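Notes for the one structure printed next.
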Amino acid sequence: MAYPAQYRYTKEHEWVHAQGATATVGITDYAQHELGDVVFVELPKPGAKTEAGKSFGTVESVKAVSEIYAPASGEVLEANTVLADAPEKINQDPHGAAWLIKIRVANPAELNSLMDAAAYEAYIAGKAKDASA
Amino acid sequence: MHRRMGAKMVNFGGWDMPVEYPATGGLLAEHRAVRTGVGVFDVSHMGDIRIRSGRAPGGALTAVQHISMNDASQLAIGQAHYSAMLYPQGTFVDDVIVHRLGEDDYLLVINAGTREKDVAWVRQNTLAFDCTVENLSDDFTQLAIQGPRAEDVLRKLTDANLTAVRNYWFTHGAVCGLKHTLIARTGYTGEDGFEIYVPSDAATSEAVWNRVLEAGKEFGILPCGLGARNTLRLEAKMALYGHEISDCINVWEAGLDRFCKIEKGDFLGRAALLSAKAAGLTRTLVGLEMIERGIARDGYRVFDQGGAEIGVVTSGSPSPTLCKNIALAYVPPANSALGSVVLVEVRGQRLKAQVVSTPFYKRAKKAAAPAAVSPVARTA
């Protein structure tokens, strides 16, 4: 699956797509693949605050719980409520329909420190190499 | 070999094991394959200990009776049973499958994570008996072929009469040309199936693994990892060492009474178990089903509705077959009645769960006519 060029990426495998002061956040294809079949998602309610690098929710596969970390500080505008009843969408369309939350970013410059698509692809390629070493 | 099949690996008890095979569908698909068709697991991490009599007959049986809580004198040659080795305090060294290979010849199949400890324990505690103890763990690769179509798959690869092998019995036969292979109708999935023991050299075990997959193709066989093994055994309420059983949990608490034969005579742990029974239970293993949305996981704390902490979850997961979130937990007997409501703390939130009867899943008895299998598994 291609990593969209207009997104930015974290080392914890979240993606963020900023459009003005609003940013959409999800987990990457690499992350969903590592997790396996996603069966449960816990997301914050609108109005909740996010803090860059801090957990804002969880994604659970059959075998494990994973925290999801906020790529930026801000306020939650919307959570993707569809995922409550259809968490498997995260496996099917992690970069699109299965976005997790939209946030109003407090300081858009914060996103500049994140990886672009090319850097992220190099980052996960390095991880794959570690795993097979 | 598993990496080449696109397996995701995990370290388990010092072994590099496949957790699931995303390339062929992943954990849920593997779980479904075993419940409705067939799957194959490489469980070569399991250990094997052979105990044989010395000069005089009977030494092996006496030794097995001393270290194992079930009654091995009831085993016919070709028969196996579930049992456990206990510490003098009545808690678990490990659970085992005891196979009676011959008149004075027993094979104990033990867990991966406890192998070294188990072997040392068996050697130490059989010194007084006229028997030999061999650690064959590195000699065999154990493959588990599990599911309602397991017999159909294995039949294509062996000259043994599998239909004649009943549940928890075994036979020897040629498998993929390997003469005198141990073929046991046992497993850890709650489904019908076989476990075969083939020489552990990489070329042989890989060849057999590939032949099984090839033979199973027409039945939709999938290679299965530890992830599916765990969800399958949990649905069937089969204990996992370090979770439902451990060195601080006794037989009565774990609810394994029916495999513990107090009346057979003395054995390690017996005296402590008698005292424990007289003293009464303080906790017991129950099955839970989550009422509120959330998944109970190993180690999560359990509370009563008044807010008092009463126990802990030992294993928890979504059940792919039941489409419910299930768990096993230790709670006081007062909270263990079917229908009792308890609270499981999931990341700070206490969520309602209900005590339900176990096993969560039990396979249907074989019907005389080929009944249509209607899996309840989710299709998403």
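The values are calculated or read from the model by the stated rules, or taken from the named source; none is laboratory data. This is a predicted model, so every value here is computed, not measured. Glycine also receives a Cβ, built like all others from the backbone with ideal geometry; neighbour counts cover every protein chain displayed.
Checked against (1) touching a residue at least 60 places away in the same chain (Cβ under 8 Å); (2) touching a Gly at 6+ places or on another chain (Cβ under 7 Å), residue A:71 passes all but condition (2).
Taking the conditions (1) surrounded by fewer than 24 Cβ atoms within 10 Å (Cβ to Cβ); (2) within 13 Å of chain A (Cβ to nearest Cβ) in turn, residue B:311 satisfies each one other than (2).
Here is a yes/no grid of residues against (1) more than 18 Å from residue B:217 (Cα to Cα); (2) of a type outside the set (Ser, Thr, Tyr); (3) within 13 Å of chain A (Cβ to nearest Cβ):
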{"position": "B:3", "(1), (2), (3)": "yes, yes, yes"}
{"position": "B:32", "(1), (2), (3)": "no, yes, yes"}
{"position": "B:53", "(1), (2), (3)": "yes, no, no"}
{"position": "B:66", "(1), (2), (3)": "yes, yes, no"}
{"position": "B:71", "(1), (2), (3)": "yes, yes, no"}
{"position": "B:74", "(1), (2), (3)": "yes, yes, no"}
{"position": "B:84", "(1), (2), (3)": "yes, yes, no"}
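Of the candidates A:103, A:124, A:68, the single residue that is away from chain B (no Cβ under 14 Å), part of a strand (DSSP E or B) and surrounded by 18 or more Cβ atoms within 10 Å (Cβ to Cβ) is A:103. Count of segment B:137-177 residues, restricted to those that are modelled with pLDDT of 95 or more and not in a strand (DSSP E or B), is 23. Pairs meeting the criteria (first residue in segment B:25-39 and on the phi > 0 side of the Ramachandran plot, second residue of a type in the set (Asp, Glu) and surrounded by 22 or more Cβ atoms within 10 Å (Cβ to Cβ), beta carbons under 8 Å, at least 6 apart or on different chains) are B:26/A:37; B:26/B:20.
Here is the figure for segment B:325-353: residues that are within 25 Å of residue B:363 (Cβ to Cβ), surrounded by 13 or more Cβ atoms within 10 Å (Cβ to Cβ) and either without any contact (Cβ under 8 Å) to a residue 24 or more places away in the chain or not small (Gly, Ala, Ser) (or both) total 3. Scanning segment B:290-308 for residues that are within 29 Å of the chain's Cα centre (by Cα), more than 14 Å from chain A (Cβ to nearest Cβ) and surrounded by fewer than 20 Cβ atoms within 10 Å (Cβ to Cβ) turns up B:291, B:301, B:303.
Of all residues being in contact (Cβ under 8 Å) with a residue 40 or more places away in the chain and of a type in the set (Lys, Arg) in segment B:197-229, which is nearest to the other protein chains (Cβ to nearest Cβ)? Just the residue, please.
Once the filter is applied, the top-ranked residue is B:229.
For first residues located in segment B:230-259 and assigned to a loop (DSSP other than H, G, I, E, B), partners that are modelled with pLDDT under 95 and lie 6+ apart or on another chain with Cβ distances below 7 Å form the pairs B:242/B:113.
Within segment B:45-68, is even one residue surrounded by 21 or more Cβ atoms within 10 Å (Cβ to Cβ), out of contact with any helix residue (DSSP H, G or I) (no Cβ under 9 Å at 6 or more places or on another chain), hydroxyl-bearing (Ser, Thr, Tyr) and farther than 30 Å from residue A:88 by Cα? Checking segment B:45-68: at least one residue is surrounded by 21 or more Cβ atoms within 10 Å (Cβ to Cβ), out of contact with any helix residue (DSSP H, G or I) (no Cβ under 9 Å at 6 or more places or on another chain), hydroxyl-bearing (Ser, Thr, Tyr) and farther than 30 Å from residue A:88 by Cα. So is residue A:88 in contact (Cβ under 8 Å) with a residue 40 or more places away in the chain, touching a strand residue (DSSP E or B) at 6+ places or on another chain (Cβ under 7 Å) and of a type in the set (Asp, Glu) or not? Judged against the criteria, residue A:88 is a match. Note on segment B:321-362: residues that are assigned to a loop (DSSP other than H, G, I, E, B), closer than 23 Å to residue B:241 by Cβ and within 14 Å of another protein chain (Cβ to nearest Cβ) amount to 0. Residues considered: B:184, B:174, B:150, B:144. Of these, the only one that is in contact (Cβ under 8 Å) with a residue 40 or more places away in the chain, over 15 Å from residue B:99 (Cβ atoms) and not hydroxyl-bearing (Ser, Thr, Tyr) is B:150. You will find that of B:276, B:271, the residue that is over 16 Å from residue B:328 (Cα atoms), in contact with a strand residue (DSSP E or B) (Cβ under 7 Å, 6 or more places away or on another chain) and outside any loop (DSSP other than H, G, I, E, B) is B:276 and no other. Considering segment A:81-100, and only residues there that are away from chain B (no Cβ under 14 Å) and among the hydrophobic types (A, V, I, L, M, F, W, C), the residue that is surrounded by the most Cβ atoms within 10 Å (Cβ to Cβ) turns out to be A:100.
Within segment B:258-266, at least one residue is at positive phi and more than 14 Å from every other protein chain (Cβ to nearest Cβ).
Surrounded by fewer than 22 Cβ atoms within 10 Å (Cβ to Cβ), modelled with pLDDT of 95 or more, away from chain A (no Cβ under 14 Å) and over 21 Å from residue B:217 (Cα atoms): is that true of residue B:14 in this structure? Judged against the criteria, residue B:14 is not a match. Candidates A:29, A:37: the one that is touching a strand residue (DSSP E or B) at 6+ places or on another chain (Cβ under 8 Å) and not polar (S, T, N, Q) is A:37. Within the set A:14, A:78, A:60, the sole residue that is surrounded by fewer than 21 Cβ atoms within 10 Å (Cβ to Cβ) and of a type in the set (Asp, Glu) turns out to be A:78.
Would you confirm whether or not segment B:121-132 contains a residue that is surrounded by fewer than 21 Cβ atoms within 10 Å (Cβ to Cβ) and under 22 Å from the mean Cα position of the chain (by Cα)? Scanning segment B:121-132, I find at least one residue that is surrounded by fewer than 21 Cβ atoms within 10 Å (Cβ to Cβ) and under 22 Å from the mean Cα position of the chain (by Cα), so the answer is yes.
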